[in-house]
1. If I ask for residues that are touching a Ser or Thr at 6+ places or on another chain (Cβ under 7 Å) and either not in a helix (DSSP H, G or I) or not small (Gly, Ala, Ser) (or both), which ones from the range 19-58 would you list?
2. Filter the range 13-30 for residues that are open to solvent by less than 90 Å² (accessible area, probe 1.4 Å) and closer than 18 Å to Phe61 by Cβ; which is nearest to the chain's Cα centre (by Cα)?
3. Anything in the range 24-51 that is at pLDDT below 90 and hydroxyl-bearing (Ser, Thr, Tyr)? List them, or say none.
4. Say whether the condition of being exposed (fewer than 10 other Cβ atoms within 10 Å of the Cβ) and farther than 21 Å from Ser33 by Cβ is met by at least one residue in the range 64-78.
5. Going residue by residue through the range 83-90, is there one that turns out to be hydrophobic (A, V, I, L, M, F, W, C) and surrounded by 12 or more Cβ atoms within 10 Å (Cβ to Cβ)?
6. Out of (1) open to solvent by 70 Å² or more (accessible area, probe 1.4 Å); (2) touching a helix residue (DSSP H, G or I) at 6+ places or on another chain (Cβ under 7 Å), what's the single condition that is false for Ile56?
7. List every residue pair whose Cβ atoms sit under 6 Å apart, with the two residues 6 or more apart in sequence or on different chains, where the first one lies in the range 68-87 and is in contact (Cβ under 8 Å) with a residue 40 or more places away in the chain and the second, anywhere, is part of a helix (DSSP H, G or I).
Amino acid sequence: MDTNQHELYEYARLRIKQKKRLYFHFVLMVVGSLFLLASNYLLGLFPETHWSLWVITVWAFIFILHFIRVFVTDSFMNKKWEREQIDKLMTKQGRRIEQLQKDLDKNV
C-alpha cells in the first residue's frame with residue numbers, strides 16, 4: 001500500500017470513528033434524557049424545578065456542537081484543505097525568501 005492510499009485509508013477510518021462516536025452520543029442523549037425525565041417527574045425528584053429540562057437542553061446544545069464539528073467543520077477542513085494551506089504557506093515563504101535573497105544580493 002503506497003503512502004497516498006494509506007493516508008486515504010487513515011482519513012476514512014478517522015471519519016468513520018467520528019461518525020460512530022456521534023451516533024453513540026445521540027443514542028446516549030436520548031436514553032439519558034428519558035432517564036432524566038423519569039427521574040424528575042415519575043420519581044418525584046424536585047418536580048417543581050424542571051431541572052431535567054435544563055440538563056437536557058444543555059446536553060442537546062453540546063450534541064449540536066458535536067454534530068457541527070463532525071459534519072460541517074471536519075468535512076471541509078480535512079486533510080486536503082490542510083495540504084492546500086501548507087502548500088500556500090510554503091509558496092508564500094519561498095517567495096519571501098527569494099525577495100530577501102535579492103535584497104541581500106543588491107546590498108552586497
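1. Our first condition is that a residue be touching a Ser or Thr at 6+ places or on another chain (Cβ under 7 Å); within the range 19-58, this holds for 36-37, 39-40, 45, 52, 56.
Leu36, Leu37, Asn40, Leu45, Ile56 - these are the residues of the range 19-58 that are touching a Ser or Thr at 6+ places or on another chain (Cβ under 7 Å) and either not in a helix (DSSP H, G or I) or not small (Gly, Ala, Ser) (or both).
2. Leu22
3. Once the filter is applied, which keeps residues that are at pLDDT below 90 and hydroxyl-bearing (Ser, Thr, Tyr), the range 24-51 yields Ser39, Tyr41, Thr49.
4. Yes: the range 64-78 contains one or more residues that are exposed (fewer than 10 other Cβ atoms within 10 Å of the Cβ) and farther than 21 Å from Ser33 by Cβ.
5. Our first condition is that a residue be hydrophobic (A, V, I, L, M, F, W, C); within the range 83-90, this holds for 86, 89-90.
Remaining after also requiring surrounded by 12 or more Cβ atoms within 10 Å (Cβ to Cβ): none.
No; the residues of the range 83-90 include none that is hydrophobic (A, V, I, L, M, F, W, C) and surrounded by 12 or more Cβ atoms within 10 Å (Cβ to Cβ).
6. Going through the list (1) open to solvent by 70 Å² or more (accessible area, probe 1.4 Å); (2) touching a helix residue (DSSP H, G or I) at 6+ places or on another chain (Cβ under 7 Å), Ile56 breaks only (1).
7. Val70/Gln18; Val70/Leu22; Lys79/Tyr11
The values are calculated or read from the model by the stated rules, or taken from the named source; none is laboratory data. Just so you know, these numbers come straight off a predicted model, no measurement behind them. In this analysis, Cβ positions are derived from the backbone assuming ideal geometry, glycine residues included, and neighbour counts consider all displayed protein chains. The protein model used for the area step is the full one, side chains on, heavy atoms only, and it has no ligands, DNA or RNA in it. Shrake-Rupley method; radii C 1.70, N 1.55, O 1.52, S 1.80 Å.
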